[in-house]
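Asker: Sharing a structure here in structure tokens format.
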Amino acid sequence: MKVERETALRAHEQRFREAGRVFGAPARVNLIGEHTDYTGGLVMPMAIGFRTEAVVSGRSDGRAVFYSENFGEEASFEIASMGRSPEGRWSDYPAGVLWCLREEGIEVGGFNMTLVGDVPLGAGLSSSASVEVATAMALLAHAGASLPMEKIATLCRRAENEYVGAKSGIMDQFVVVGAVAERAMLLDCRSLEYELLPLPAQVRVVICNSMVKHAVATGEYGDRRDEVEAGQAVLRKRLGIELLRDATVADLEACRDEMSAASFARCRHIITENGRVVMAKEALLRGDVERFGRLMVEAHASMRDDFAASCEEVDVLVEIAMRQEGCYGARITGGGFGGCTVNVVRAADAEPFVEALRGEYAEKTAIAAECFVCAPGDGALAMAAQEVGR
Ligand code: GLA
């Protein structure tokens, strides 16, 4: 389903019998730099065409009413007495954003909100950040307030960390707010400085959903973070290195005896991945797609072997992809344990690539993969600015 602003506005009118204002936020795909964000590292995501639309209108009784068109469900409560009380369902994401805005001292009056989106859930494309950022944009406008880009991103991350209870880093929210069309974003997750990098015109980014679901809020993502943090704590104690971002593989080797084999391997992935992001940037600036692709394949092997965050089906997708004509690189993208691969493919080969990948994957796994040929899109702020200019 492709979600258009008009569809969202109509859904809101049907539900609440009144017109609203609409604010959108995209999903994202990460080209390279996985599991580096929460240790101050480097990532290279871009926004993609899937999006969440949040439609908002005021109400006078001081209540927050969130309606999800996708789930066909409503969540409603009094704003003034709201606490931090997640319920383990979709409404935790928008409610968490409201909670954070209030924590920032932003007064939000009663409202009705309709959320509607086409971001595949649990596919590693940041459906959660998309919902959070769309909600933040709508509620800020409703409150007559504005915040700088960085603040919107950190606030939405806080909603996810402290309200929803998922320990995610800053990558998703940052790129979903700040992306710019036709550019990938190289983000330094420690300083929050970023560069916008052009992708060569002769390639397409193809996303392929293995259809194996993952959930950041539970399980393995949190386990990996604990393993990483345990390793980082050893580096801190032994060598005074605060963040893995500043460690070398030699530093890690020097501490090997003091950490579990799992922590060692997870940290090695992160250290080598930061190096690959820097090399990937250089390759992009030189227009060297072959090199960029090889770095993606190395990144996949590192996610699979050192970070142990791939799965059989995703490995099959990468293996098939790399045998196809015109495919420069393929890797798992996002949190891992299922979800999507991201592939960089020669533009002229993109359609046959999708066909071959789907066919061979179905043969091997009996699963019908969904594939999308994407271009880097705008983030929520650029989308809002365009709306004003229309
Ligand atoms: C999820 C998290 C991000 C990041 C990635 C892995 O998408 O939300 O913060 O950690 O996993 O790179």
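The values are calculated or read from the model by the stated rules, or taken from the named source; none is laboratory data. Worth saying up front: this structure is predicted, and the values here are computed from it rather than measured. A quick note on method: Cβ atoms are made from the backbone with ideal geometry, for glycine too, and the neighbour counts reach across all protein chains shown.
Asker: Are there any pairs with C-beta distances below 9 angstrom linking a residue in segment 360-379 that is over 21 Å from V345 (Cα atoms) to a residue that is among the aromatic types (F, W, Y) and outside any loop (DSSP other than H, G, I, E, B), with the two at least 6 apart or on different chains, and if so which?
Answerer: I367/Y361; G379/F174
Asker: What helices (runs of 4 or more DSSP H), lying completely within segment 95-201, carry at least 2 residues that are small (G, A, S)?
Answerer: In segment 95-201, 127-143 are the helices (runs of 4 or more DSSP H) which contain 2 or more residues that are small (G, A, S).
Asker: Test K213 against the stated conditions and say whether it is among the basic types (K, R), assigned by TED's automatic domain parsing to the domain that holds R291 and touching a residue at least 24 places away in the same chain (Cβ under 8 Å).
Answerer: yes
Asker: Within segment 231-240, is even one residue under 21 Å from C189 (Cα atoms), more than 24 Å from the chain's Cα centre (by Cα) and of a type in the set (K, R)?
Answerer: Checked against the condition, which is being under 21 Å from C189 (Cα atoms), more than 24 Å from the chain's Cα centre (by Cα) and of a type in the set (K, R), segment 231-240 yields at least one hit.
Asker: So, of the residues in segment 102-154 that are of a type in the set (S, T, N, Q) and closer than 15 Å to S57 by Cβ, which turns out to be farthest from the ligand (Cβ to nearest atom)?
Answerer: N112
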